[in-house]
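The values are calculated or read from the model by the stated rules, or taken from the named source; none is laboratory data. The structure displayed is predicted, hence computed values, not measured ones. Heads up, the Cβs are rebuilt from the backbone with ideal geometry, glycines too, and the neighbour counts pull from every protein chain shown.
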Amino acid sequence: MTSTPTVYDVAERAGVSIATVSRVYRNPDAVRAATREKVLTVARDLGYVPSGSARGLASRTTGVLGLCFPDFHDTEAEHAADAEDGELVLYSDQVIRGMERAARRHGYALLVSAAHADQANRQLAEVAGRVDGLAVLAQAVSEEDLGVVGRRQPVVLLAGERHSGYDHVEVANFDGQLELTRHLIVDHGLRRLAFAGGPADSPDGEARFRGFQAAHLEAGLPLPKEPDTRGDLTQTAGRKAALELLDRDRPLPDGLMFANDQMAVGALLALEARGVRVPDDIVVTGFDGIPLSRLVRPALTTVRQPTGRLGEVAVELLIARLQGRERPATVRVLPVTLNRRASCGCTPESTV
């Protein structure tokens, strides 16, 4: 045979259907061992390599799942990673790794696409045409654009805003921030706490602020109406937030709580540069539990969310939706863990 072998050639030589050949490569556990080995042997003999595009023509599938997420360009964090000759591992990296592991187990590849918020809807349409199912991470998408894609293929939303009729997976943002704030108020006796929030349209950030408010109500402290400052969830934004609070004509708060770890890390650097000691002069906390939170000094007290598991559950929901398009939408809320470290005055890492 001089021409490039196709899935049709493998099916004919092995005496099986084209669909069986496709399952051998996409979902091998669904094929009997003897049949699977027969197909693989024929494929090796013919020199056949499965093609995503050919597979799509035969079965109207691509064997690929997609992930769209916002690109928050953090120049300060990248420079810090370069200077230390280390890897900068962020929240989205962990989610991607979780999705990759789960997709591989189910016989799928993963297509990853990052774009700025103002390009989210166009990005969604571009990726949707190349995958069997799509996950959207912490990104604002219009109801209209989501509907266009959702009518054609399964869509699962990770973090971010919930939309009626769509599978959604998130972490317990409110509970985690409530527990962290309660820890500072009850265990450390702090009374004047400031909160540096993310963008006002971030559902996760707003849920964390509500947990911050709830802890104040629980303790009988004055209720904060709004975050003391906001930023775009980068180290640069955290540095600016810390400097803004330092430069205000009022006493420094007892503690500064950030909507995520990247902001908190930026604040630690800014406070050190100004000669403000953490935790002696002010307590600093974050949220997410990225690896960098363990490496900074002092190590950052934070709420660790299971980011890898978030990606795995997204794939599980997409696979379930592919197998049953009419089932009711599912909402999964994953638990979080409080990591108490030196930045709040606790001894080396303990969790609750």
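Just for strands (runs of 3 or more DSSP E) wholly inside the range 243-352: which have at least 2 residues that are modelled with pLDDT of 95 or more, aliphatic (A, V, I, L, M) and in contact with a Leu (Cβ under 8 Å, 6 or more places away or on another chain)?
Answer list for the range 243-352: 255-258, 283-285.
Please enumerate the residues belonging to the range 237-254 that are within 13 Å of Leu268 (Cβ to Cβ) and crowded, with 19+ Cβ neighbours inside 10 Å.
Result: Gly238, Arg239, Ala241, Ala242.
Filtering the range 12-34 down to residues that are part of a helix (DSSP H, G or I) and modelled with pLDDT of 85 or more, which residue is surrounded by the most Cβ atoms within 10 Å (Cβ to Cβ)?
In this case the residue turns out to be Ala14.
Being modelled with pLDDT of 95 or more and in a strand (DSSP E or B) is the requirement here; does Phe212 meet it?
no
On the basis of being in contact with a strand residue (DSSP E or B) (Cβ under 9 Å, 6 or more places away or on another chain) and assigned by TED's automatic domain parsing to the domain that holds Glu244, does Ala267 make the cut?
For Ala267, the condition - in contact with a strand residue (DSSP E or B) (Cβ under 9 Å, 6 or more places away or on another chain) and assigned by TED's automatic domain parsing to the domain that holds Glu244 - is met.
Could you count how many residues in the range 132-159 are modelled with pLDDT of 85 or more and either aromatic (Phe, Trp, Tyr) or on the phi > 0 side of the Ramachandran plot (or both)?
Matching residues across the range 132-159 total 1.
Has the range 310-321 got any residue that is surrounded by fewer than 20 Cβ atoms within 10 Å (Cβ to Cβ) and assigned by TED's automatic domain parsing to the domain that holds Arg210?
For the range 310-321, residues surrounded by fewer than 20 Cβ atoms within 10 Å (Cβ to Cβ) and assigned by TED's automatic domain parsing to the domain that holds Arg210: absent.
Does Val127 qualify as being under 30 Å from Pro224 (Cβ atoms), crowded, with 18+ Cβ neighbours inside 10 Å and in contact (Cβ under 8 Å) with a residue 60 or more places away in the chain?
no
Between Phe174, Phe209, Phe195, which is in contact (Cβ under 8 Å) with a residue 24 or more places away in the chain, surrounded by fewer than 22 Cβ atoms within 10 Å (Cβ to Cβ) and among the hydrophobic types (A, V, I, L, M, F, W, C)?
Phe174
Select from the range 212-236 the residues that are buried (at least 18 other Cβ atoms within 10 Å of the Cβ) and of a type in the set (Gly, Ala, Ser) and list them in ascending order.
Listed by number, the residues that qualify are Ala215, Gly231.
Looking at the range 271-294, which of its residues are among the aliphatic types (A, V, I, L, M) and touching a residue at least 60 places away in the same chain (Cβ under 8 Å)?
Val278, Val283, Val284, Ile290, Leu292
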